[in-house]
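Before I ask anything, here is the structure I am working with.
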């Protein structure tokens, strides 16, 4: 049996996988400045570990400048150290083990990628004309493991220094990932998060690299639910061990309805936190259903004085997004003024970076 969300449910839910393109807050440069070119030429003479140290020092020095956005990022960096936030490798093929959850089916697992015609058809079905989210190319917060996941190819020190010198906000996603991590306040949702972060498998055992269970449940398209994924949800999220594979046809719809309800609940939680974090790091895409609420989200940060710690405390008191926005409205009415939305401090970042590079001997006469 196949499963399809109804049009009514889709209308109510909105769409999470459709996201606005990340705002390009750093103006695109057709050509690198002479200063940046000089730095990159000198940087090549340094061993890799020294390059990494210098780039990290430049970024941390930038965070010391007098600007509320930078102070918020410093707060996030300090918290991540105190919390010892784990870091995991990217895993574009994470999937439930069919031999564990549906051994009777004896599925042969095959991983399909973008070169596969079958994969391309699935991508078109679940994303239509939208681009597939390139999640593994950026830092990403893993809600299920309460950890940061590295990009498949982490940015080099030269790339980070180029962005800082060219007046661009770092595009690797780490800032936004830290912000999301800080306001992920309900560990009880970890099983849900981990379940939907796994990749989609069809009933023939084919796993679609880069296409997650959250994507297919959010797509509105008709799709197959493998017994492996159904049993995995029942055991890990539903805490229900009463079913075995193969699942009888009469049980399909009731089980799928439970998974659907779980997804709706999870999307409500996750999308709100990503939307809030996107106003601290605009390279993080704003979930589609929050389009038009950017000013209110900025207002929320302003009322919290752009403090991630205070934002976490606020959101932990709001079980739903409706409650969150009601709380913001009441706080705003009580304050009686519109909080200021600070500009991105490009010049401060450039100045701090150049100062560090001069001291490191990469600009002018330094200590080296």
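How many residues are in contact (Cβ under 8 Å) with a residue 24 or more places away in the chain, crowded, with 16+ Cβ neighbours inside 10 Å and outside any helix (DSSP H, G or I) when one looks only at the stretch 63-92?
Summing the residues that are in contact (Cβ under 8 Å) with a residue 24 or more places away in the chain, crowded, with 16+ Cβ neighbours inside 10 Å and outside any helix (DSSP H, G or I) in the stretch 63-92 gives 4.
Let me ask something else about it. Does the stretch 208-227 hold any residues that are closer than 18 Å to residue 102 by Cα, part of a helix (DSSP H, G or I) and touching a strand residue (DSSP E or B) at 6+ places or on another chain (Cβ under 6 Å), and which are they?
Of everything in the stretch 208-227, just one residue is closer than 18 Å to residue 102 by Cα, part of a helix (DSSP H, G or I) and touching a strand residue (DSSP E or B) at 6+ places or on another chain (Cβ under 6 Å), namely 213.
I want to confirm something. Restricting to the stretch 235-255 and keeping residues that are in a helix (DSSP H, G or I) and in contact (Cβ under 8 Å) with a residue 60 or more places away in the chain, which single residue is farthest from residue 103 (Cα to Cα)? If you could, list the steps in order and put the result at the bottom.
Initially, the stretch 235-255 is screened for residues in a helix (DSSP H, G or I), giving 235-236, 249-255.
From what is left, the residues that are in contact (Cβ under 8 Å) with a residue 60 or more places away in the chain are 235, 249, 252-253.
On the way: 235: 15, 249: 18, 252: 18, 253: 21 Å.
Looking at residues that are in a helix (DSSP H, G or I) and in contact (Cβ under 8 Å) with a residue 60 or more places away in the chain, I get 253.
For residues that are in contact with a helix residue (DSSP H, G or I) (Cβ under 7 Å, 6 or more places away or on another chain), touching a residue at least 60 places away in the same chain (Cβ under 8 Å) and surrounded by fewer than 22 Cβ atoms within 10 Å (Cβ to Cβ), tally how many sit in the stretch 287-296.
The number of residues fulfilling the criteria is 1.
Can we say residue 289 is modelled with pLDDT under 95 and in a helix (DSSP H, G or I)?
On the way: modelled with pLDDT under 95: yes; in a helix (DSSP H, G or I): yes.
So residue 289 fits the description; yes.
Residue 284 - would you say it is under 30 Å from residue 168 (Cα atoms), in a loop (DSSP other than H, G, I, E, B), out of contact with any strand residue (DSSP E or B) (no Cβ under 7 Å at 6 or more places or on another chain) and in contact (Cβ under 8 Å) with a residue 24 or more places away in the chain? Full working, then the answer.
Numbers: under 30 Å from residue 168 (Cα atoms): yes; in a loop (DSSP other than H, G, I, E, B): yes; out of contact with any strand residue (DSSP E or B) (no Cβ under 7 Å at 6 or more places or on another chain): yes; in contact (Cβ under 8 Å) with a residue 24 or more places away in the chain: yes.
Here the answer is yes, as residue 284 does meet what is asked.
Scanning for something touching a helix residue (DSSP H, G or I) at 6+ places or on another chain (Cβ under 9 Å), loosely packed, with under 12 Cβ neighbours inside 10 Å and at pLDDT 50 or above, does the stretch 34-54 turn up at least one residue?
Yes, the stretch 34-54 has at least one match.
Name, by its number, the condition in (1) surrounded by 19 or more Cβ atoms within 10 Å (Cβ to Cβ); (2) closer than 27 Å to residue 120 by Cβ; (3) within 27 Å of the chain's Cα centre (by Cα) that does not hold for residue 260.
Looking at each condition in turn, residue 260 falls short on (1).
Within the stretch 143-190, which residues are touching a strand residue (DSSP E or B) at 6+ places or on another chain (Cβ under 6 Å), under 21 Å from residue 309 (Cβ atoms) and buried (at least 21 other Cβ atoms within 10 Å of the Cβ)?
Selection gives 177, 180, 181.
Let me ask something else about it. Mind checking which residues of the stretch 112-126 are surrounded by 16 or more Cβ atoms within 10 Å (Cβ to Cβ) and in contact with a strand residue (DSSP E or B) (Cβ under 8 Å, 6 or more places away or on another chain)?
Answer for the stretch 112-126, where residues must be surrounded by 16 or more Cβ atoms within 10 Å (Cβ to Cβ) and in contact with a strand residue (DSSP E or B) (Cβ under 8 Å, 6 or more places away or on another chain): 112, 119, 122, 123, 126.
Check every one of the strands (runs of 3 or more DSSP E) wholly within the stretch 126-207 and list those with 2 or more residues that are over 21 Å from residue 279 (Cβ atoms).
Values: elements: 140-142, 147-149, 199-201.
Strands (runs of 3 or more DSSP E) meeting the threshold: 147-149, 199-201.
Oh, and also: Among the residues of the stretch 2-16, is any under 23 Å from the mean Cα position of the chain (by Cα), over 19 Å from residue 284 (Cβ atoms), modelled with pLDDT under 95 and surrounded by 14 or more Cβ atoms within 10 Å (Cβ to Cβ)? Quick ask: steps written out before the conclusion?
Applying the first criterion (under 23 Å from the mean Cα position of the chain (by Cα)) to the stretch 2-16 yields 10, 13-16.
Pick out the ones that are also over 19 Å from residue 284 (Cβ atoms) and you get 10, 13.
Restricting the remaining residues to those that are modelled with pLDDT under 95 gives 10, 13.
Okay, now just the ones that are also surrounded by 14 or more Cβ atoms within 10 Å (Cβ to Cβ), so 10, 13.
Scanning the stretch 2-16 turns up at least one residue that is under 23 Å from the mean Cα position of the chain (by Cα), over 19 Å from residue 284 (Cβ atoms), modelled with pLDDT under 95 and surrounded by 14 or more Cβ atoms within 10 Å (Cβ to Cβ).
Same structure again: Would you check which residues across the stretch 79-91 are within 20 Å of the chain's Cα centre (by Cα) and on the phi < 0 side of the Ramachandran plot and list them? Write out each step before concluding.
Residues of the stretch 79-91 that are within 20 Å of the chain's Cα centre (by Cα), as a first pass: 79-81, 83-91.
Residues satisfying the conditions are 79, 80, 81, 83, 85, 86, 87, 88, 89, 90, 91.
If we keep just the residues of the stretch 213-224 that are closer than 22 Å to residue 108 by Cα and touching a helix residue (DSSP H, G or I) at 6+ places or on another chain (Cβ under 6 Å), which is modelled with the lowest pLDDT?
Start the filter on the stretch 213-224 by keeping residues that are closer than 22 Å to residue 108 by Cα, which leaves 213, 216, 223-224.
Of the ones still in play, those that are also touching a helix residue (DSSP H, G or I) at 6+ places or on another chain (Cβ under 6 Å) are 213, 216, 223.
Values: 213: 98, 216: 97, 223: 93.
Among them, the one singled out is 223.
The values are calculated or read from the model by the stated rules, or taken from the named source; none is laboratory data. These figures come from a predicted structure and were not determined experimentally. Cβ sites come from the backbone with ideal geometry, for glycine too, and all protein chains shown count toward neighbours.
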